[in-house]
Structures are given as structure tokens and as C-alpha cells.
Amino acid sequence: MMHARHEDDEGAQVIRLASARHDGGEAGEPGGDAGAGPGPIERGIASGLAFLRRRLAGEYEVDEFGYDPDFNENILLPAARALYEHWFRVELEGVGNVPAEGGALIVANHSGTLPLDALMLSVGLHDHARRCVRLLGADLVYQVPVLAHLARKAGHTLACQADAARLLGKGELVGVFPEGFKGVGKPFADRYKLQRFGRGGFVGTALRAGVPIVPAAIVGAEEIYPKIGDLRPLARLLGLPYFPVTPTFPLLGPAGLVPLPSKWMIQFGEPMTLEEYAAEDADDPMTLFNVTDHVRENVQQMLYDTLLRRGPAFF
Amino acid sequence: MPAESGPAEPAAARVVLVTGVSRFLGARVAHALQADPGIERVIGVDTVPPTMPLGRTEFVRVDIRTPGIAKIISSARVDTVVHLNLVTSASAPRAKVKELNVIGTMQLLGACQRSPDARKLVVRSSAAVYGSSPMDPAVFTERDEPVEAPTSGYAKDAVEVEGYVRGLMRRRSDLTVSVLRFANFIGPGVDSPLTRYLRMPVVPTVLGFDPRLQFVHEDDGVEVLRRMTVENHPGCYNVAGDGVLLLSQALRRAGRPYVPVPAPSISLFGDMGRRFAGMSGFSPELLRWLTYGRVIDTAAVEKELGWRPKYGTEAAFADFVAAQGLGGHPAARLASLLRG
């Protein structure tokens, strides 16, 4: 069991701070470890300047998917981490079930009207499992300005067979939300009820790549923007899958975009190795349906368990 | 593997015809080929006289849109045709470029089909055939179909050219045909819509998008074309330098000032540049590429040739920047200040 709370778990906290200082010590001053060297503020400034210099000169690497680790670790993750630790107070369970290395497919439920659960999942896995999860996003993400390149810089890519297979083949940890828009945009009344798991394409991908499926249940995201209505004509006009109405949005305007501070728990289940199947079974629709149902039941069961353990939604 | 398929004779190129020889790539390839002692004759054709000396390459001024090209192929007993005539620039009128690209290719392929001596065809195509769209897979392999097929410009021409080449392959199965889909060429000698774009005083980028780009260095491109001509490697191959650069990253490395502009106004901006400052406009396919980018997988060509490009994407771009003497804008100076 691992927690992100300061008082509960010092180990996780120490790892994170060490990693945050890692590149500062490397690029900045020599002999910073001696203890008598520059203090945390100086080190922070030095690493900030080193980061700024790298960005201005373009001296950083991106992979073929557009993943920019330098930008992700220094800008995107710290911003999301503030939400993760202080707003949603995320607790992780079963982090040991996430393979420490090699390819694996994380299959999680999707909820929250805006996909903040994807962001929190990647912070949790980065800080506590030391893995960068590469999520598969809807094509809408890649059509929206700004979001398109931020998603790529954070290491995510389009949900398609080719990209998933390529990432898994390189031994990356891939995350997928098979419910898609049906899950993230479901009404508040349907909270914690899993929607249809797409067409089961993720099972075929895992079978072909020979990687385990790690089920994950994310509890708490359902309450951040309780979707009590949907302005369909407006959604159609804007080309969006839905236009949500929450108790605060669009009533309070931009202030309605502040998520409610629900208490989150993310649980990772036992990896499903799929060893009883061969790679050729990926072409057998019945096998795919069966495995998909099995994974879905697994995630649903984990959701109910975690929901019970969490207790009240906001405390 | 595929190198052993086809007829068993040692299909060494002896008389090579290079189209588009008056332009940069054609001239470079002609030079590389004439240095090979196994090749008896290199014949270069183009519609305009060459701007640089061609050495022992025999230049014939002929329009490949006319049947004149067939006469040259039959009278010189050409056995290998290297077709580099794809015009990618937007400087000439579109209708003329399209005619040169498509009708020229049809005439050339028709002549190859008739010729009893023809044994090999090497075609320069472009990675633009994959198009650029937000629904693209992150990396295109040779087997992937475009998600949104290109509908305009030289990208569409390249698709049509490849279609005619496939038609020829069906009718002349004895020919060894190599089709090369190149990423954007870059290097000290390259003059293309891309290099002109990068040299704009202030480079407009598409607001909210940061495409992944890939480049191939001119030296690597010439080497691949040379190997494909003197060796037997039938098939369709992607050619690009290893690695990826984001547009913002490339512009920062080149020290170019850039300004994000909403997509609709960027083409207007480009058109104004063309009209008033003599710069090239933004063709729709260039604009799409600058919005969504494109990455191609080069594993197949590296395996087939047992060769890796000398320049990765980053190195190729750095070579271009160094040769152009770009750099020195405020952000780059600030960066060097911070380094010191």
C-alpha cells in the first residue's frame, strides 16, 4: 500500500524530492551533495535557469511520439502534482501490481466530465511506480489547439492499434480508457457504473504484444464535475461529444471549471497475464469478447471495493 | 530476400537516365552515379539547362511530357531510369507543376514499358503521400494507408505518380522498381518551400500546434538513390533521418524568431509575403504539415540496405542551420548568456 499523504508515507515523498533535485544537481553546481553547498533555494533557481536555457536553445530530446520528458517533468507534472497532492489527496493502492519494467497495458475506468483522471493516473504512476504511462487518447484531443501538442509532449498518443503496438513493443507502459467518451461524459446518476468497453481492441493489442493487462479503478473523479445535464445542440454546434451542465457550470462561468475537491483513490489490480491465450487468438472475436468482459468485471468489482473503502466523497 | 527476386541476371546499371537533372537533387545524383566506373553512360534530361556543371553526364534538353523521351530511351538503350522530376515547390503555377509531375511521369513510364532494354526504375516520391491529419498514427510504415489522402498540391501528384508506377509494375513484372518516399530534404544546398519558410524574417507557426517533423539530409538522400540505382532493392521505402524535431524546437535551435498565428490567417500572411516580399506562399499541404506534422518509419530501408543515414533529423537540421548562418536572435543570445 502506498499513499501520497505526507504524514502517512515518507518513503514516497523522499523519492519524489530526490528526483526533482536530480537534474538540478546534474546540470548545475558541482559538489552539491556535500551538504555545505548551496541551499534549496539556490539549487531551485539554478535548476530553473538551466531549464530555461535548455528550452530557449531547443536543447532537449523528443521521441517519435512527441514525448518531451524535460517539459513533462518540469512543467506539466509539477502543475498536476499540486492538484494530486493537495486538492484530490490521491491515495494509491496496489502499486506493486504495476510491472517495474517492460510493456504492460493499464486498463482503467474513465469519468469526470473532463479527463482529469488521466492526468492523476500519470502523476501517480510517475511518482510512485517510477513509470511514465503513455495514454491513448481520442482523436478529438489531437484536433484541439494547445491540447494537441501538450498531450503529445506529456507522452500520450492517439488511440489506435498501430501506436499502441509500437509503444508496447518498445517496452512502454501504456494506459487505456476503453469506455472513452461514454465513460468520461456519463451523467452523475450513473457514477461508478462502467459503460461498454469499446470493441475490445485493447485486448487484441495486449494479446499480440504478449503483455499483461493491469486493471485499475479510479475512485473520486466522478464527483469533480457532477454532470447533471447536457446541452446537446450546443455540443453539436461546437463539434463536441457533449456540453456538460454541472451545479457550477456554466452558472458561475469560468469559476465553474474549478473541480470539486473530492477524495480520490486509485487501485491497481493483479496483472492479468493472458498466458492461456496465444497471439493468434487476437483474431478470434469470441476470445476478445470474453477477455474484455472479464477485464470489465474485474475493474467494476475493484471500483465497488474501493468506493466502499473510501467512504464519504469529500472528506 | 527481395533482392533475389525477379530475373536472375546481374542487373547492373550500365546506361542510366536521370530526369530532373537541372535541379539540385538530380545534379547531385548524376554526379554520384558518374563516379561509378560500372556505369557506362549517365544521361540527364530536363526542360531547362543545368545550372551547375554535370561532368561526364550527357545533358539532353527534352520535355518529358513529350514522346521525345521515348526516343532517347530507345536510341541510347537505357536500362535504368532514375525519376527525380517531382516538383515540390510552389513557385511555378500549379497547373504547370501538375502537368510536369503527372503527365511527365505518364510519358516516362509509357516509354519504359515499351523499351525492351529497361530493367530498373527508381522513383523519387515523398512522405507527403501519407497526408497529415490529427487522426494519423504516430508513425507511418510503408504498409499504412493515409488516414486522409492528400487532396492538393505535389502530395496529390506523388500519390498519382505512385499509382502509375504500380500500373507499370503490373504490366512489366520483369522490371525492378524502387519507390522512395522521402521526408523533407534539408541541408546546405537545399532550396525548398521549407527552407524558404525557415528563412522568413519572422516565422509564423500555427497557434496551438507543435508538429513533429523529420528531415533527411541531402547527402543521405543522394546515397540512398545511388544505392537503389546500382543495387537491386525492389519495393517501396520510407527514407528519413533518425529522430524527430518539434517545429518550436527546430526554430529555437535555428535561433529564428517565431510568432504563433491562428491557422486561417497564416495562409493570408503567407500570401501577402509572396505578393509583396517575393516569398513563397503557403501551399495547403505545407500548412497541414506545419499543423499536424508527420513521422515515418525507416526500419525497412535500413534493413534492406544494411545502412543507416549518416545524419539524423537533428544533425541534418544542425548542418542546415550552420550552413545558412542562421541564429543570433534575442532568445538564442539570452540562452548563451544563461550558459555563461
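The values are calculated or read from the model by the stated rules, or taken from the named source; none is laboratory data. The shown structure was predicted, so the numbers you read here are calculated from the model rather than taken from an experiment. Neighbour counts are summed over all protein chains in view; Cβ atoms, including those assigned to glycine, are modelled from backbone coordinates with ideal geometry.
A few remarks follow.
- From B:Tyr237, B:Tyr258, B:Tyr197, residue being in contact with a helix residue (DSSP H, G or I) (Cβ under 6 Å, 6 or more places away or on another chain) and farther than 17 Å from B:Ser126 by Cα: B:Tyr258
- Search result, residues across segment B:201-226 that are of a type outside the set (Ser, Thr, Tyr) and within 14 Å of chain A (Cβ to nearest Cβ): B:Val203, B:Val206, B:Leu207, B:Gly208, B:Phe209, B:Asp210, B:Pro211, B:Arg212, B:Leu213, B:Gln214, B:Phe215
- Here B:Leu247 qualifies as in contact with a Pro (Cβ under 7 Å, 6 or more places away or on another chain) and modelled with pLDDT of 90 or more.
- Test: residue in segment A:76-86 that is surrounded by fewer than 19 Cβ atoms within 10 Å (Cβ to Cβ) and basic (Lys, Arg): no
- Among the numbered conditions (1) more than 11 Å from chain B (Cβ to nearest Cβ); (2) surrounded by fewer than 22 Cβ atoms within 10 Å (Cβ to Cβ); (3) part of a loop (DSSP other than H, G, I, E, B); (4) not aliphatic (A, V, I, L, M), the only one that A:Lys182 does not meet is (3).
- For segment A:145-173, residues that are within 12 Å of B:Asp210 (Cα to Cα), more than 8 Å from every other protein chain (Cβ to nearest Cβ) and part of a loop (DSSP other than H, G, I, E, B) total 0.
- The set of residues from segment A:274-315 being loosely packed, with under 13 Cβ neighbours inside 10 Å and outside any helix (DSSP H, G or I) comprises A:Glu275, A:Glu276, A:Ala278, A:Gly311, A:Pro312, A:Phe314, A:Phe315.
- Per the conditions (1) over 18 Å from A:Ser122 (Cα atoms); (2) at pLDDT 90 or above; (3) within 14 Å of chain B (Cβ to nearest Cβ), the sole criterion not satisfied by A:Ala27 is (2).
- Screening B:Val190, B:Val129, B:Val165 for residues that are in a loop (DSSP other than H, G, I, E, B), closer than 30 Å to B:Asp79 by Cβ and in contact (Cβ under 8 Å) with a residue 12 or more places away in the chain leaves exactly one candidate, B:Val190.
- When A:Leu136 is tested against the conditions (1) within 13 Å of chain B (Cβ to nearest Cβ); (2) surrounded by fewer than 19 Cβ atoms within 10 Å (Cβ to Cβ); (3) at pLDDT 95 or above, the lone failure is (2).
- Residue in segment B:58-70 that is more than 14 Å from chain A (Cβ to nearest Cβ) and in contact with a Phe, Trp or Tyr (Cβ under 7 Å, 6 or more places away or on another chain) present: no
Conditions tested, residue by residue: (1) in contact with a helix residue (DSSP H, G or I) (Cβ under 7 Å, 6 or more places away or on another chain); (2) farther than 30 Å from A:Gly269 by Cβ; (3) in a helix (DSSP H, G or I); (4) aliphatic (A, V, I, L, M).
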position	(1), (2), (3), (4)
A:Phe202	no, no, yes, no
A:Ala217	yes, no, no, yes
A:Arg236	no, yes, yes, no
A:Pro254	no, yes, yes, no
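- Of all residues making up segment B:125-177, the number that are within 14 Å of chain A (Cβ to nearest Cβ) and either surrounded by fewer than 20 Cβ atoms within 10 Å (Cβ to Cβ) or touching a His at 6+ places or on another chain (Cβ under 7 Å) (or both): 11
- Of all residues in segment B:243-261, those that are surrounded by fewer than 20 Cβ atoms within 10 Å (Cβ to Cβ) and β-branched (Val, Ile, Thr) total 2.
- Pairs with Cβ under 9 Å, 6+ apart, first in segment A:61-90 and on the phi > 0 side of the Ramachandran plot, second in a helix (DSSP H, G or I): A:Gly66/A:His149; A:Gly66/A:Ala151; A:Gly66/A:Arg152; A:Gly66/A:Lys153
- Those residues of segment A:48-64 which are surrounded by 19 or more Cβ atoms within 10 Å (Cβ to Cβ), more than 8 Å from every other protein chain (Cβ to nearest Cβ) and under 26 Å from the mean Cα position of the chain (by Cα), in sequence order: A:Phe51
- Selection from segment B:52-65 of residues that are assigned to a loop (DSSP other than H, G, I, E, B) and either surrounded by 13 or more Cβ atoms within 10 Å (Cβ to Cβ) or in contact with a helix residue (DSSP H, G or I) (Cβ under 8 Å, 6 or more places away or on another chain) (or both): B:Met52, B:Leu54, B:Gly55, B:Arg56, B:Thr57, B:Val62, B:Asp63, B:Ile64, B:Arg65
- Any chance A:Arg152 is crowded, with 22+ Cβ neighbours inside 10 Å, of a type in the set (D, E, K, R), more than 24 Å from A:Leu194 (Cβ to Cβ) and touching a Lys or Arg at 6+ places or on another chain (Cβ under 9 Å): yes
- The one condition from (1) within 13 Å of the chain's Cα centre (by Cα); (2) assigned to a loop (DSSP other than H, G, I, E, B) that B:Ala138 does not meet is (1).
- Of all residues in segment A:44-82, those satisfying the criterion of being closer than 23 Å to A:Leu158 by Cβ and among the aliphatic types (A, V, I, L, M) are A:Val62, A:Ile75, A:Leu76, A:Leu77, A:Ala80.
- Count of segment A:65-117 residues which are of a type in the set (Asp, Glu) and assigned to a helix (DSSP H, G or I): 4
- A:Ile218 being within 20 Å of A:Val174 (Cβ to Cβ) and surrounded by 13 or more Cβ atoms within 10 Å (Cβ to Cβ): yes
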